[in-house]
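I have placed the structure first, in the form of structure tokens, so that the comments after it can refer back to it.
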Amino acid sequence: MWLDRLTGERRKDLPEVIGSGRYLAEAKLTDQHKVGPGAGSLLVDDGSEVAIVDGQRKSFRLPARSLAQKVELFERILDTIDSSIDNETELASPLMPEGVVNEDSHLNSFDSKLLKIIGAGHLHQISMRPRLDLHYEDEVTDVARAKRLAKGALVHLASHSECWQRQTLSGVIPKRVKARFSEDDFNIYENRVYARLLDKIEQYLSKRVGTLRQLQTAVSEALEFYGANDLHHRLTEEICRLWGKAFTQDSTSKASEQLTKTLEQLENALGIVRGLKQRGLYLLVSRAAQIGDGLHLTNILSHDQHYRHLPILWNELRNVIGGKRTTPDERRELNEGLNRAYSRYAGLVLRHALTPYLGNEFSSNWAGLNLKLKQVGLDWQLLLSPSDSNRAERVLLEIVPWMGLSDRPEDVQADQNDERLSARILAWPNLSDDRLYSGEDAIDGVWVQLSPFDLYGVERFGRLVDQLLQRELVSGYGRPIIKVPTRSLEVAENVKRLAVNREKYQIRVLEALSPVDLSNVERSLESENAAAQASELDRRHQEIVALQKCPVCAGSVKVIHQEPSGFVADCGPCKTKRYLRSNGAGLEYEQSLAGLSDFRLVGRRSYSFQIGWQPLNKNVAGRASFS
């Protein structure tokens with residue numbers, strides 16, 4: 001059996017086209033050597049498109065070739081961040097590490113040698129004045145074409161009368177003779193080395209330039225983010241803080257300058273190499289003539305003033321790119337490790353998003369509830385449980401990190417969720433999008449972008465977490481506490497911030513109570529054997545206390561009740577306004593920062609959602625009403 005991680009469904013047979021990392025084996029496989037070690041293994045590709053699964057031929061959906069440089073850069077960044085997660089006392093930055101940028105922004109040993117050799121004109125001299133060999137070929141031809149007789153030409157003429165023009169008393173006048181022709185042979189070993197080296201250099205430089213362009217785009221947009229005037233300052237401060245864990249603004253500027261300089265040099269070198277491939281010697285060497293990985297140092301390659309630089313470049317390039325290719329087993333093992341690293345990366349981003357609630361820990365008490373972040377396999381769950389009872393934990397949010405390097409599959413719909421969960425979100429890199437703050441919405445249906453290239457990554461998860469937790473708070477606001485004893489109702493009537501309904505034996509908490517009032521009502525309930533009501537009263541009060549903390553600046557805010565079941569909370573210092581009001585179909589909660597609601601402008605700090613009159617199904621219905 002296979003578990004589809006994206007839909008949560010179990011299936012016996014796999015589709016013809018498989019997304020790498022999407023399926024998890026739940027039973028031992030018959031073709032272990034093809035897809036993994038056995039039960040519990042993740043089905044990932046081994047670098048090839050074809051896979052044999054349980055004796056059936058399947059194919060993997062691989063990323064587009066145009067994304068090759070971005071995919072490799074993404075994997076390097078992911079590996080670098082993953083290595084720093086456990087090595088730092090505080091949370092590592094989930095954005096692009098400085099080490100990756102610095103490593104690529106400077107010329108490496110091959111780059112330097114190549115630029116020096118191109119600058120000295122050695123490659124141009126080989127192209128224009130190559131070494132060559134003379135190729136001799138004997139051919140029977142007309143006398144008029146013959147310039148040099150071949151060895152044994154007279155013997156051939158004497159034995160082939162058909163080549164005679166006529167015979168005289170003095171001898172034979174030939175019509176055709178065996179002649180020797182010479183031809184310039186450019187296909188010597190040294191020239192084949194030159195041609196194949198140009199191929200390798202072009203391939204390397206194309207890849208290197210593509211990587212540098214990706215880095216330059218990321219760094220340039222980060223610099224633009226520093227100076228953006230239309231974004232709210234609290235958003236820019238938070239994102240710049242995360243970026244600053246890896247880069248300062250000054251180091252970002254210097255990295256941008258260095259990237260621009262290196263990119264200009266290598267783009268120029270790439271243009272020269274492509275020019276050399278379009279003229280001169282390269283066109284005279286057969287494309288079929290290949291060279292092994294190791295060079296044979298001939299006299300020309302060792303001593304010629306121009307050719308002797310070819311082995312230097314060849315060996316240095318091999319050292320830079322690595323001469324050994326990974327085997328399918330090694331690539332599959334690497335992909336499994338990358339999927340685990342991507343899962344840990346999702347946890348890192350979630351921990352950053354949960355910092356206002358959990359700090360740097362994995363669990364904490366919040367609004368009278370135990371809030372805990374837990375990793376389950378490759379997935380992450382946010383769990384809630386009452387702190388004063390033994391009730392089981394409830395899954396509030398589940399994040400499924402899927403390192404799908406291709407486009408997201410069309411067969412996963414917004415309503416395909418586990419009914420036990422309040423929100424089940426699928427996170428994927430979305431590498432086909434080049435923008436660092438793409439999209440006007442934090443999430444798209446059940447999908448959320450998760451990538452070190454995305455400056456808004458923590459903001460996306462933060463908005464999702466804020467919406468779900470704020471929903472927990474406001475869903476209980478004004479909810480009546482039922483079956484309250486008469487004597488406790490009499491005590492509650494003396495508390496201004498409680499609404500008492502004697503006919504229905506109910507009380508409602510409208511605003512935060514003073515410690516004395518809360519204590520008096522709780523003691524009255526406990527003395528009347530209404531411990532459940534006392535516990536619920538404490539829960540409602542803790543929810544309002546949590547609402548009194550501004551979710552943006554953490555300042556103290558007064559929650560003012562508005563009939564029939566709403567409230568308004570206005571934070572003066574940061575200009576965050578929150579409303580809970582009736583709209584006919586139920587209750588609507590709205591939070592806005594300085595009147596702005598666009599996710600691109602304020603991030604997680606503005607949103608709204610609906611709360612129906614009836615209890616909501618624990619499915620995506622609650623989440624689908626978010627905006």
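None of the figures in this text is laboratory data; all of them are computed from the coordinates on show. From a predicted model like this one, the values you see are computed outputs, not experimental measurements. Virtual Cβ from ideal backbone geometry, glycine too; neighbours counted across all protein chains shown.
The Stokes-Einstein estimate for the chain, based on a Kirkwood radius over Cα pairs and taken at 20 °C with 1.002 mPa s viscosity, is a diffusion coefficient of 71 µm²/s. Between Lys261 and Met128, take the C-beta separation as r, use R0 = 22 Å, and let me know the FRET efficiency to the nearest 0.05. For R0 = 22 Å, the calculated efficiency reads 0.15. Between Arg340 and Ser170, full extension at 0.36 nm per residue minus the direct alpha carbon distance yields a gain of 51.7 nm. Label separation (Ser253 vs Glu590): 4.2 nm, computed from points 7 Å beyond Cα along the C-beta direction. The Ala64 and Ser582 beta-carbon pair, evaluated with R₀ = 51 Å, returns a calculated FRET efficiency of approximately 0.55. Straight-line cross-link reach from Lys277 at under 13 Å between alpha-carbon atoms covers these aspartates and glutamates, not counting any fewer than eight positions away in the same chain: Asp199, Glu202. Each Lys or Arg adds one and each Asp or Glu takes one away; over the other residues whose Cβ falls under 12 Å from the Cβ of Val458, this sums to +2.
Please express the Cα-Cα pair-distance distribution P(r) of the stretch 68-207 as a list of whole percents, one per 10 Å bin, running from 0 to the bin with the greatest distance. All Cα pairs, binned at 10 Å, distribute as 9, 20, 14, 13, 12, 10, 8, 7, 4, 2, 0 percent. Counted over all Cα-Cα pairs of the stretch 293-418, pairs farther apart than 22 Å make up 63 percent. Spin-label model, Glu202 to Lys374: label points 7 Å out along the Cα-to-beta-carbon direction sit 5.8 nm apart.
Temperature 10 °C, viscosity 1.306 mPa s: under these conditions the Stokes-Einstein estimate for the stretch 149-223, based on its Kirkwood radius over C-alpha pairs, is 86 µm² per second. For Arg318 and Ser302 in one chain, what is 0.36 nm times their gap in residues minus the Cα-Cα distance, to one decimal in nm? Difference between extended and current length: 3.9 nm. Here's the picture: a label point sits 7 Å out from the Cα of Asp185 along the beta-carbon direction, and within the stretch 285-307 the residues with their amide nitrogen under 14 Å of it are 286. Taking 4.7 Å between C-beta atoms as the pairing limit, the chain has these partnerless cysteines: Cys163, Cys240. Sites listed here are trypsin sites (Lys or Arg not before Pro) in the stretch 87-196 whose DSSP assignment is loop and whose Cβ has at most 14 other Cβ atoms within 10 Å: Arg145, Lys147, Arg148, Lys151, Lys175. Only aspartates and glutamates eight or more places from Lys175 in sequence, or on another chain, were considered; those with a Cα closer than 16 Å are Glu139, Asp142, Glu162. Residues of the chain were split at every exposed loop site, defined as GluC sites (Glu not before Pro) in a DSSP loop with at most 10 other C-beta atoms within 10 angstrom, and the longest piece left, sites excluded, is 91-409. Taking the Kirkwood radius as Rh and the Cα radius of gyration as Rg, the stretch 466-556 has a ratio of Rg/Rh equal to 1.00. Loop-located trypsin sites (Lys or Arg not before Pro) in the stretch 516-572 (DSSP state other than H, G, I, E, B) with a sparse environment of at most 16 neighbouring Cβ atoms within 10 Å: Lys558. Among the listed pairs Lys496/Lys575; Lys372/Lys575; Lys116/Lys200, those with a Cα-Cα distance over 20 Å are Lys496/Lys575; Lys372/Lys575.
A simple count of charges around Arg408, restricted to other residues whose Cβ falls under 12 Å of its Cβ and scoring Lys, Arg +1 and Asp, Glu -1, yields -3.
Summarising the label geometry, the points placed 7 Å from Cα in the beta-carbon direction at Leu149 and Ile52 lie 6.7 nm from one another.
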